[in-house]
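Here is the structure we will look at, set down as structure tokens.
Throughout, read-outs are computed from the coordinates displayed, never taken from laboratory work. Note that the structure is predicted; figures quoted are calculated from it, not measured. Cβ sites come from the backbone with ideal geometry, for glycine too, and all protein chains shown count toward neighbours.
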Amino acid sequence: MINLFQAMQAFVKVADAGSFAQAAEQLNVSTSVVTRHVSSLEKHLGIRLFQRTTRKVVLTEAGADYADGCRVVMSELEEVESRATTTSKEVAGDLRIVALGSFSLFRLTPLFAEYQAKFPQVNLRVTLTEKRVDLLEGGFDVGIVTEHMIRSESLVVRRLINSHAVPVAAAAYLAQAGQPKTPADLARHRVIAAALDTSPQTWVFSHSGGSGNDSANAEESIALDASFTVNSMIMQKQATLGAMGIALLPLEMVADELRSGTLVRVLDDYAVTNGDVAVSLVYPSREFVPRKIREFIDLAVGFFK
């Protein structure tokens, strides 16, 4: 089967050089290859492109017209390739990012600010969500999400941070409801949790005390019927600050409130083993990544080290 582009390229070289041998030299192939390309093109078109003699090669009238058309097509193709290559190398245009909404509250804005300071020609188009997302269907270049939010299996996934979650409550709530001493005590408390498809909510506790007995590190699963569920950690935090109950939240998200005393860590002799929030950077491919995306990936990985 004829490779039309290669045949057209060889034909134009012969037409410009007036010689099969010179065209072959310019294309860095043998004269027989150039001859075969031109013969295949003539057979494909059903016309003679050159009048050949022992000393020179002359375009026929149809060949001259066809050569003009080939030059236009090849010029347009070079322009298209140039635009595509330039776009992949330039750090400009729109960068579409989908991110875990609650994570943006305490970590992402400084990253975005640093990126735009380095690349002011890039417009960041950020979508915040708490739901599962398909990066490709959504038209996103990169995602900063928890791994359970990823719907596609064909993405590159790079862990950015593993945020430890702790149970917290407002001092005002604990003054009214009392401080739980053991995980089992949570059955008598109001609990704020993420909205899940399955109910009841389950938190798994491991005792971190140094009592030295065999049960010190035993895990205890507590099934809870949350009094308030919402698919936003930001609102979970606000509900906790509003003394609506006990919530399991990333430590980085509540560090300032714990230091100020507006929130109090509960059951601090225990660790919740199934509550950590792993946030990852996801993107569609390792190959042919446009520079604006590659620069963001490199910056994000370094930012969270």
Could you state the angle between the C-alpha long axis of helix 61-89 and the longest principal axis of the C-alpha atoms of the chain, as a value from 0 to 90 degrees rounded to the nearest 10?
20
Mind giving me the FRET efficiency for ALA21 and GLU76? R0 is 22 Å, r the Cβ-Cβ distance, nearest 0.05 is fine.
0.15
Rounded if a/c under 1.5, otherwise prolate or oblate - the range 221-269, Cα gyration tensor axes:
oblate
Put +1 on the Cβ of each Lys and Arg and -1 on the Cβ of each Asp and Glu in the range 91-179; which of GLY138, ASN123, LEU111 then has its Cα farthest toward the positive end of the dipole?
LEU111
Debye, to nearest 20: dipole size of the chain, +1 on Lys, Arg Cβ, -1 on Asp, Glu Cβ
780
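What number, in percent, do you get for the relative contact order of the chain if the mean sequence gap of Cα pairs under 8 Å and at least 6 apart is divided by its residue count?
21 percent.
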Amide H of ARG190: which non-local residues (sequence gap of 5 or more, or other chain) have their own amide H closer than 5 Å, using H built in the peptide plane?
ILE246
Which distance in nm do the two modelled labels at ARG265 and LYS56 give, with both placed 7 Å along the Cα-to-Cβ direction?
9.2
Compute the angle between helix 291-303 and the longest alpha-carbon principal axis of the chain, please, reported from 0 to 90 degrees and rounded to the nearest 10.
30
Which of HIS207, HIS189, VAL166 sits farthest toward the positive end of the charge dipole of the range 165-275, with +1 on the Cβ of Lys and Arg and -1 on the Cβ of Asp and Glu?
HIS189
Spin-label pair PHE304/LYS43, simplified geometry with 7 Å Cα→Cβ offset, distance in nm:
5.8
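Tell me the net charge near PRO183. Cut-off is 13 Å between Cβ atoms, PRO183 excluded, with +1 for each Lys or Arg and -1 for each Asp or Glu.
It works out to a net charge of -3.
Dipole size in debye (nearest 20) for the range 165-275 around its Cα centre, Lys and Arg Cβ +1, Asp and Glu Cβ -1?
So the magnitude is around 340 debye.
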Hey, what do the phi angles of the range 17-33 turn into as Karplus ³J(HN,Hα) couplings, whole Hz, using 6.51/-1.76/1.60 and θ = phi - 60°, x for Gly and Pro?
7, x, 7, 5, 5, 5, 4, 5, 5, 5, 8, 6, 9, 7, 4, 5, 5
Treat every Asp and Glu Cβ in the range 4-89 as -1 and every Lys and Arg Cβ as +1, leave all other atoms uncharged, and give the resulting dipole magnitude about the Cα centre to the nearest 20 debye.
360
Net charge around HIS207, counting only other residues with Cβ within less than 10 Å of its Cβ (Lys, Arg = +1; Asp, Glu = -1)?
-3
So I have (1) 5, 20, 18, 14, 12, 9, 7, 8, 6, 2, 0; (2) 6, 28, 37, 23, 6, 0; (3) 6, 24, 29, 19, 14, 7, 1, 0, and one of them is P(r) over Cα pairs in 10 Å bins from 0, in percent calculated from this model. Which one is it?
(1)
Tabulate in residue order the Karplus-calculated ³J(HN,Hα) for the range 175-192, using 6.51 cos²θ - 1.76 cosθ + 1.60 with θ = phi - 60°, rounded to whole Hz; enter x for Gly and Pro.
5, 8, 9, x, 8, x, 9, 9, x, 4, 5, 5, 4, 9, 10, 7, 10, 9
Which one, PHE5, TYR283, ILE222, projects farthest toward the positive side of the charge dipole computed for the chain from Cβ point charges (K/R +1, D/E -1)?
PHE5
Value of relative contact order over the range 4-89, rounded to a whole percent, pairs C-alpha under 8 Å and six or more apart
26
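Can you check what the net charge comes to around VAL57, using other residues whose Cβ is under 14 Å from the Cβ of VAL57 (Lys, Arg +1; Asp, Glu -1)? Write down the numbers at each step before the final one.
Details: positive: LYS13, ARG48, ARG52, ARG55, LYS56; negative: ASP16, GLU42.
Net local charge, VAL57 excluded: +3.
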Neighbour-count order for ILE293, ILE192, fewest beta carbons within 10 angstrom listed first:
ILE293, ILE192
